[in-house]
Amino acid sequence: MEVFLGNRSLSAFVVVSVLMGAETAYAGGIGERYLAVDAGITENSDNTDLYYFDAGSGDYLAERADQAVGVRAGYRVTDKVAIEAGYVDLGRTFDAVEYPDGLYGMGEQKTRALTLGVVGSAALGHQVSAYAKAGVAYYQSKATYDDVLLPAELKVSDTGFTPTVGLGVGYRLSNHLAVNTGFDYYHELGQREDLFDNADNSLETVKSSTGVLSLGLGYSF
């Protein structure tokens with residue numbers, strides 16, 4: 001399980017993940033089960049600086065995007081509603097380099113999660129459907145930080161629960177195969193507003209939110 005940093009002026013982001021099997025309303029029926037594999041790109045956002053307080057004038061170089069992969073399994077309880085569980089690796093959810101007054105600092109956070117949710121779908125045509133989902137993710141975020149003033153790299157790991165929502169469209173290729181594109185949003189995958197507190201040299205995971213835009217391939221049986 002794994003988080004990011006971002007500029008204060010860009011705090012709103014929202015993004016993306018996938019879901020398929022049961023979301024492709026066309027062939028699904030009560031009792032249908034499915035497995036799906038997803039891959040996509042992420043965008044991360046938070047409202048923090050790398051340091052706990054202003055370290056002076058300096059440049060912040062941050063990577064907002066990374067890749068995500070995941071697997072899902074679902075069970076259709078009605079022709080329009082499915083219960084789904086999954087695993088997703090969100091990659092780097094916080095990644096930044098800072099040069100305050102000539103000092104070098106680098107922080108990174110990675111996040112993975114187990115998910116559980118309810119998926120509602122509606123047919124748009126014979127083979128096309130739209131879906132919306134809501135659920136909860138149990139995440140693990142691991143953060144590291146290093147700079148020239150520290151004797152060694154700092155590391156910390158924590159876990160927690162966070163809400164997740166998603167939207168998307170599925171296309172049924174056959175009675176068993178479907179493709180999907182969608183957007184999933186994971187809210188605040190971390191513990192506090194700052195990564196590194198140079199008042200006491202403490203490290204903690206960052207409350208960064210992550211969106212995933214992805215494509216998926218699913219098999220129903």
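The values are calculated or read from the model by the stated rules, or taken from the named source; none is laboratory data. A quick note: this is a predicted structure, and the numbers were derived from the prediction, not measured. Note that we place each Cβ from the backbone using ideal geometry, even for glycine, and neighbour counts take in every protein chain shown.
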Of the residues in the range 175-221, those that are in a loop (DSSP other than H, G, I, E, B) and under 23 Å from residue 133 (Cα atoms) come to 175, 176, 187, 188, 189, 190, 207, 208, 221
Next item on the list: Report yes if residue 181 is out of contact with any Lys or Arg (no Cβ under 6 Å at 6 or more places or on another chain) and closer than 19 Å to residue 113 by Cα, otherwise no.
Entry: no
Restrict the check to the range 182-203 and report whether at least one residue is surrounded by fewer than 18 Cβ atoms within 10 Å (Cβ to Cβ), out of contact with any strand residue (DSSP E or B) (no Cβ under 9 Å at 6 or more places or on another chain) and not small (Gly, Ala, Ser). yes
Scanning the range 104-121 residue by residue, the ones that are at pLDDT below 95 and hydrophobic (A, V, I, L, M, F, W, C) total 1
Scanning the range 190-217 residue by residue, the ones that are more than 19 Å from residue 161 (Cβ to Cβ), of a type in the set (A, V, I, L, M) and at pLDDT 95 or above total 3
